[in-house]
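Participant: Right, I'll just put the structure down here and ask away after.
Read-outs: derived from the displayed coordinates by stated rules, not from any lab. Treat the numbers as computed from the prediction; the structure is a model and nothing was measured. All Cβ positions, even for glycine, are placed from backbone atoms using ideal geometry, and neighbour counts span all protein chains on display.
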Amino acid sequence: MADKRDYYEVLGVAKDADDAAIKKAFKHLAIKYHPDRNKDPDAGEKFREINEAYQVLSDPQKRAAYDQFGFEGVSSQGAGGGGGDPFGGAGGFGDIFGDIFSDIFSSAQGRGRSTRSREIRGNDLRIRLSLTLEEAVRGVTKTVSLQTYVTCESCHGSGSKSGAAPATCPQCHGTGQIAMRQGFMTFAQTCPKCHGTGKVVSDPCPKCNGEGRVKQQKTLKVNIPAGVDTGDSIRLQGQGEAGLNGGPNGDLYVVIELKEHKIFKRDGNDLYCELPISFTTAALGGQVEVPTLDGRVNVTVRPETQTGTVMRLNGKGVKSINSQTPGSLYCKIVLETPVNLTSKQKDLLRQFEASLNGDDGEKSVSHKSHKPKSESFISGVKKFFDDLSK
C-alpha cells in the first residue's frame, strides 16, 4: 500500500471536492489516458490507477472509510481490484463510462461530418529530378512522367455512371462512421457501406468503379529556373493526386538533385576545381587556361607556385535563385609529375637536381633556398628524433 498515490492526488481534486467535481475530473482523465486513444506505454497503468481512485471516491461509504483509515479502510471493500463489483457503487461507474465513450464517439462523429462527408483534397506528391550542373545554373525545361490518380473522364469525378451526384450514405448518415458497442464501451468504426466517405453511388461508373478517379501515367513539362541546387523543390500547384468527392487536387513537388560533374564541385554559389600544371610552369610561372561555366579564361601563375595553392576567380561561380551576385571559382593548383620520360629527359632532370644540391661544381644560391618545404620538413623530423632520444 505504501507505494500507492493518494486517490485525491490521482484525480487532481481537493479532499473536500463534491461528487460533481470528482466525476468531472475522472471523466477528463479517463478520456486522456484510455489505451485506445493514448499510445503511451504507461497509459494503461495510469488508466487503471484513475479507475481505482474513482471507485473509492465516487462511493460515499468507501470514501468515508478511506478518509478515516486510508488504503486499509477500503482494501476489504474491493478497491484496487479486490472483492466487490468494480463497476457498481453509488457513483454509477458503468454509467460514467457510457458517458465518456459516448462523448468520444460524438467527437469522432463531429470530425466525420466536418471532413469525411465534404470534399477531400488529393495527396501531395514528390518526385526527384536529376540535372547537370550546367542545366541547374542556366535553367532548363524538363519533361517528367509519374503514375498518379487523375479525375475520371467518364464521370468527371462524380463516381456515378449517369453523372449524378453521390447520395448521403444511409447507414452512417454522412458521418463516415458507425457506433460499435462492446459491453459498456462504445467505439467509432469506419462505415463499411461507404468506406468512410459518407457518400454512396447507386450506379457506379464502370471506368473508376465509383471512386471518381483513376490511376494513370501523367506527363508534365517543368520549367526549372536558373540557379537551383540540390534539395531545392519546385511546386506545381494542382498536379498531385486527384481529390475525392469533387475535392481539389494535391500539389506536385519536383525535388532537384545535381549530377556529379567531371570538373567542378559546387558549394552554394561557389565552384571548386583542381588545376594541374607542369613542373616548369610552377617554377617559372606562366599563363594557364582555366575552364569556367562561361568558357575558357587565361590566368597567370606566379613563379615558384607550390602545389596546393588556391587561385580565386571572382564572379566565375554560380548565381543562385536568391542571389543577384555570382560566387567565385576556386582553382587548387596540382603539380603534375611528368611520366614516360626518355633517357635524355631523365639525364637532364638528374643534372638539374645536382645543380639544386650544389653538386655540379658551379657556384649558386644555397641549395636550401631551392627547397624551403623539404628543408623545413627534414629539420622537423631531425628535431623530433632528437627530442625522443633525450
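Participant: Starting at the first residue of region 230-242, write each ³J(HN,Hα) from the Karplus equation 6.51 cos²θ - 1.76 cosθ + 1.60 with θ = phi - 60°, in whole Hz, x for Gly and Pro.
Facilitator: For region 230-242, the Karplus curve yields 4, x, 5, 10, 10, 9, 10, 5, x, 9, x, 5, 5 Hz.
Participant: Please compute the net charge surrounding Gly210, taking Lys and Arg as +1 and Asp and Glu as -1 over other residues with Cβ under 11 Å from its Cβ.
Facilitator: Values: positive: Lys161, Lys199, Lys207, Arg213; negative: Asp203, Glu211.
Here the count lands on +2.
Participant: Hey, rough spin-label estimate for Lys218 and Glu304, points 7 angstrom out along Cα→Cβ, what's it come to in nanometres?
Facilitator: 6.7 nm
Participant: Quick one: net charge of Leu329's neighbours, Cβ under 9 Å, K/R +1, D/E -1? List each step's numbers first, then the result.
Facilitator: Values: positive: Arg312, Lys316; negative: Asp270.
Result for the local shell: +1.
Participant: Here's a follow-up. According to a simple spin-label model (label point 7 Å from Cα along Cα-to-Cβ), what is the distance in nm between Arg296 and Phe71?
Facilitator: A separation of 8.9 nm, rounded to one decimal place.
Participant: Compute the length gained on full extension between Ala14 and Gln189: take 0.36 nm times their separation in residues and subtract their Cα-Cα distance, giving the result in nm to one decimal.
Facilitator: Here the segment from Ala14 to Gln189 would lengthen by 59.2 nm.
Participant: Right, another one. On a full-extension model of 0.36 nm per residue, what is the gain between Thr325 and Asp40, subtracting their alpha-carbon distance, rounded to one decimal in nm?
Facilitator: 97.4 nm
Participant: At 0.36 nm per residue, and after removing the present C-alpha to C-alpha distance, how many nm does the segment from Arg312 to Asn357 gain when stretched out fully?
Facilitator: Additional length available on full extension: 12.8 nm.
Participant: Please give me, ordered by residue number, the GluC sites (Glu not before Pro) of region 201-300 that lie in loop per DSSP and have at most 13 other Cβ atoms within 10 Å.
Facilitator: Taking region 201-300 and a limit of 13 other Cβ atoms within 10 Å, the loop GluC sites (Glu not before Pro) found are Glu260.
Participant: Would you please report the Å³ per residue occupied by the convex hull of the alpha carbon atoms in region 232-280?
Facilitator: Roughly 74 Å³ of hull volume per residue.
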